[in-house]
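Chemist: The structure under discussion is supplied below as structure tokens; questions concerning it will follow.
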């Protein structure tokens, strides 16, 4: 018997990238929704109850940090940030918000899947390119 697939929601304001992430992750995970802003992310999590959330940081309405803070207040804590931001301040903010993953968009595609699997079991993952 196969283990259940991890259920995820993806948030990124880049339409092409969001669709590509949804397509590539959909081979291994159940992608419940792919949304373009932080408010839509919070709404989708409330409605769909994913196992893991994958979110960009820089997005409209609520940025990824604001959305993560709201999700933590509501009890959702398995969050993986998928971002271009390599600065230590962003990494530290993600950790302070209780994120379980921090993956750079320039990382190997397998890094994001590894981060999702790690977050699902409650372990922190960061892509090797993060030097913080």
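The values are calculated or read from the model by the stated rules, or taken from the named source; none is laboratory data. As the structure is a prediction and not an experimental result, all values here were calculated from the model. Because the Cβ atoms are built from the backbone with ideal geometry, glycine has one as well, and the counts that use them run over all protein chains shown.
Chemist: Please give the number of the condition residue 58 fails out of (1) over 14 Å from the mean Cα position of the chain (by Cα); (2) touching a residue at least 40 places away in the same chain (Cβ under 8 Å).
Modeler: (1)
Chemist: Further question: In the range 97-107, is there at least one residue being at pLDDT below 95 and closer than 14 Å to residue 11 by Cα?
Modeler: yes
Chemist: Continuing with this model, one more query. Identify, please: which residue in the range 69-83 is part of a loop (DSSP other than H, G, I, E, B) and touching a residue at least 24 places away in the same chain (Cβ under 8 Å) and is, among those, nearest to residue 16 (Cα to Cα)?
Modeler: Quick first cut of the range 69-83, residues part of a loop (DSSP other than H, G, I, E, B) only: 74-78.
Restricting the remaining residues to those that are touching a residue at least 24 places away in the same chain (Cβ under 8 Å) gives 74, 76, 78.
Details: 74: 30, 76: 27, 78: 25 Å.
Only one residue fits best here, namely 78.
Chemist: Would you be able to tell me the number of residues in the range 16-49 that are buried (at least 22 other Cβ atoms within 10 Å of the Cβ), more than 14 Å from residue 82 (Cα to Cα) and touching a residue at least 40 places away in the same chain (Cβ under 8 Å)?
Modeler: 1
Chemist: Here is a further query. Out of the range 113-132, which residues are in a helix (DSSP H, G or I) and in contact with a helix residue (DSSP H, G or I) (Cβ under 8 Å, 6 or more places away or on another chain)? So that I can check it myself, show each step before the final result.
Modeler: From the range 113-132, those in a helix (DSSP H, G or I) are 113-120; that's our starting set.
Matches in the range 113-132: 113, 116.
Chemist: Of these, 99, 94, which one is surrounded by 16 or more Cβ atoms within 10 Å (Cβ to Cβ), part of a loop (DSSP other than H, G, I, E, B) and without any contact (Cβ under 8 Å) to a residue 40 or more places away in the chain?
Modeler: Details: 94 fails: part of a loop (DSSP other than H, G, I, E, B).
Checking each option against the conditions leaves just 99.
Chemist: Do we have any residue at all in the range 57-68 that's surrounded by fewer than 16 Cβ atoms within 10 Å (Cβ to Cβ) and part of a helix (DSSP H, G or I)?
Modeler: Looking only at the range 57-68, we keep the residues that are surrounded by fewer than 16 Cβ atoms within 10 Å (Cβ to Cβ), and these are 58, 60-61.
Remaining after also requiring part of a helix (DSSP H, G or I): none.
Checked the range 57-68: no residue is surrounded by fewer than 16 Cβ atoms within 10 Å (Cβ to Cβ) and part of a helix (DSSP H, G or I).
Chemist: In addition: So, residue 43, is that one in a helix (DSSP H, G or I), under 20 Å from residue 99 (Cα atoms), modelled with pLDDT of 95 or more and more than 12 Å from the chain's Cα centre (by Cα) or not? It would help to see each step written out before you state the result.
Modeler: Working: in a helix (DSSP H, G or I): yes; under 20 Å from residue 99 (Cα atoms): yes; modelled with pLDDT of 95 or more: yes; more than 12 Å from the chain's Cα centre (by Cα): yes.
Spelling it out, residue 43 is indeed in a helix (DSSP H, G or I), under 20 Å from residue 99 (Cα atoms), modelled with pLDDT of 95 or more and more than 12 Å from the chain's Cα centre (by Cα).
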